[in-house]
1. Got a number for residues in segment 152-186 being buried (at least 18 other Cβ atoms within 10 Å of the Cβ), farther than 18 Å from residue 18 by Cβ and touching a helix residue (DSSP H, G or I) at 6+ places or on another chain (Cβ under 9 Å)?
2. So, in segment 42-61, exactly how many residues are among the aliphatic types (A, V, I, L, M) and either within 12 Å of the ligand (Cβ to nearest atom) or not assigned by TED's automatic domain parsing to the domain that holds residue 75 (or both)?
3. Being among the β-branched types (Val, Ile, Thr) and more than 16 Å from the ligand (Cβ to nearest atom) narrows it down to one residue among 284, 297; which is it?
4. Based on this model, can you work out whether residue 452 counts as touching a strand residue (DSSP E or B) at 6+ places or on another chain (Cβ under 8 Å), closer than 21 Å to residue 350 by Cα and not in a loop (DSSP other than H, G, I, E, B)?
5. Conditions: (1) over 20 Å from residue 42 (Cβ atoms); (2) touching a Pro at 6+ places or on another chain (Cβ under 7 Å); (3) of a type in the set (A, V, I, L, M, F, W, C); (4) at pLDDT 95 or above. Residue 89 meets all but one. Number of the miss?
6. Touching a Cys at 6+ places or on another chain (Cβ under 8 Å) and more than 15 Å from the ligand (Cβ to nearest atom) - does that describe any residue in segment 300-307?
7. Filter segment 381-414 for residues that are modelled with pLDDT under 95 and of a type in the set (Val, Ile, Thr) and give the result.
8. If I filter segment 258-269 for residues that are of a type in the set (Phe, Trp, Tyr) and out of contact with any Phe, Trp or Tyr (no Cβ under 8 Å at 6 or more places or on another chain), do I get at least one hit?
Amino acid sequence: MSTPRATAPVFHNILEMIGNTPMLEITRIDTGKCRLFVKMESMNPGNSIKDRIAVTMVDAAEKSGKLKKGGRIVEATAGNTGLALALVAGQKGYRLTVVVPDKMSDEKISHLRAMGAEVVLTRSDVAKGHPEYYQDVAERIARDDPDAYYVNQFANEANPKAHYETTGPEIWEQMEGKIDAFVAGVGSGGTVSGVGHYLKERNPACEIILADPVGSILTPLVNEGKTVPPGSWLVEGIGEDFVPSICDLKLVKKAYAIPDGEAFHTARELLRKEGVLAGSSVGTLFAAALRYCREQTEPKRVVTLICDNGAKYLSKMFNDFWMVDNGFIERPKYGDIRDLIARRHLEKEDYCLTPDLPVVQAIKRMRMFSISQMAVIDEKDRVVGILDESDVLMALVRDRDCSARPVRDYMSSRVETVRPTASVNDLMPIFRADRVAVIADEKHFYGLITKIDLINFLRKQL
Ligand SMILES: Cc1ncc(COP(=O)(O)O)c(C=O)c1O
């Protein structure tokens, strides 16, 4: 630590730790003529900016009498707001029901349940107005329960109020009143409206800049006044197919539409260069902030947000294979069937077994890497067998002490070798027989192709 810091305070309730997040100046990434600062909202106790609004919205509901002691909070969200409400509900003795569309990851659902929330799953393939649309389900649950309060962050005035009263003033003080631009995304619109109003009141020249995913309707609306049909995007928590009622877009000077790939690569760069582990939407915000900074011809002081922590994206955008599988990292192409191999052996991306390895270790690896078959290779790097789930199952059922015995005793030595020059059609008989294709020639083993690899390859071409 270079500068001495005041002793960190001792708190007596975790909710007291919400807000007063630190500001970090970006120093290792090119910010053009500008100085770029990021406010570390990921350091809130619930790991996101949404802790702020959860406290304010629950407080407001208590004060208005809509939420009674021991009552039930209901919200439709799959993201950070659910976790933040779970934190507040847990501390204040409320039950929380979160309605979640069924496309959400198991990890997120487990996290909500671990925090004590009741999770109601609904369909993710239906739009507003359908009885199973997640927001409509939440509203109905709340309507049918006299003890319940439906939070609805998209139309809740206490949401922008939280940012007007806390995030905005904190930014102003940390920047010592010298701030030329603030870059943020719109999920509910609370941040842009609350922080935007506060900063504009203090300095009308301060520019509010929108960071938006490509596919969201907001960028064409802000930049050209155009209403376009919504598309789709992968970053989570921001981007819209409608304008939420609390979102004041008049504050916004300019919007940048950032493609998912640029957002993910930017978030990865932010981690490697500045050490900041941030969520996917931060990639969008930070990419927009960088574009803005690099376009300026005069030095400016710019602030953006690290809205949430990136730990929940370790298996997604921070994972090279996920990036490759989703087309965000291009690998050199062979121009033949080897391009279907998901984990390339020569690049050491795959997990293999050796014939002498005890079966128990093979099972551990299969579970750890969530794979259902592995190549067994000899000392010359040639495939001598395949061990798959059914081999393991047979071994466990038939032979009680199989675990210490070597993989060679249970692997299938019938290996379906396919040369790189083969065609996709040559794979079909192998898949029909429920086997995997081993891609190899005289020189090398290149990797396995399974049915799911072919499905993914064909899906990417759609
Ligand atoms: C993960 C995430 N959630 C929410 C927001 C903004 O939220 P809201 O518009 O709901 O205040 C952002 C960015 O500004 C974000 O990155």
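1. The first filter runs over segment 152-186 and keeps only residues buried (at least 18 other Cβ atoms within 10 Å of the Cβ), leaving 152-154, 156, 158-164, 166-168, 170-172, 175, 179-186.
Imposing the further condition that a residue be farther than 18 Å from residue 18 by Cβ reduces the set to 152, 154, 172, 175, 179-186.
Keeping just the survivors that are touching a helix residue (DSSP H, G or I) at 6+ places or on another chain (Cβ under 9 Å) gives 152, 154, 172, 179, 181-186.
Result for segment 152-186: 10.
2. Pass one, segment 42-61, residues among the aliphatic types (A, V, I, L, M): 43, 49, 53-55, 57-58, 60-61.
From the residues that got through so far, the ones that are either within 12 Å of the ligand (Cβ to nearest atom) or not assigned by TED's automatic domain parsing to the domain that holds residue 75 (or both) too are 43, 49, 53-54, 57.
Summing the residues that are among the aliphatic types (A, V, I, L, M) and either within 12 Å of the ligand (Cβ to nearest atom) or not assigned by TED's automatic domain parsing to the domain that holds residue 75 (or both) in segment 42-61 gives 5.
3. Values: 284 fails: more than 16 Å from the ligand (Cβ to nearest atom).
Result: 297 is the single residue among 284, 297 that is among the β-branched types (Val, Ile, Thr) and more than 16 Å from the ligand (Cβ to nearest atom).
4. On the way: touching a strand residue (DSSP E or B) at 6+ places or on another chain (Cβ under 8 Å): no; closer than 21 Å to residue 350 by Cα: yes; not in a loop (DSSP other than H, G, I, E, B): yes.
Against the criterion (touching a strand residue (DSSP E or B) at 6+ places or on another chain (Cβ under 8 Å), closer than 21 Å to residue 350 by Cα and not in a loop (DSSP other than H, G, I, E, B)), residue 452 does not qualify.
5. Single failed check for residue 89: (2).
6. Step one: list which residues in segment 300-307 are touching a Cys at 6+ places or on another chain (Cβ under 8 Å), which gives 300-302.
Okay, now just the ones that are also more than 15 Å from the ligand (Cβ to nearest atom), so 300-301.
Yes; the residues of segment 300-307 include at least one that is touching a Cys at 6+ places or on another chain (Cβ under 8 Å) and more than 15 Å from the ligand (Cβ to nearest atom).
7. 392, 397
8. We begin by selecting, within segment 258-269, every residue of a type in the set (Phe, Trp, Tyr); these are 264.
Subset that is out of contact with any Phe, Trp or Tyr (no Cβ under 8 Å at 6 or more places or on another chain): none.
There is no residue in segment 258-269 that is of a type in the set (Phe, Trp, Tyr) and out of contact with any Phe, Trp or Tyr (no Cβ under 8 Å at 6 or more places or on another chain).
The values are calculated or read from the model by the stated rules, or taken from the named source; none is laboratory data. Keep in mind that what you see is a predicted model, and the values were worked out from it rather than measured. So basically every Cβ, Gly included, is an ideal-geometry build from the backbone, and we count neighbours across all protein chains shown.
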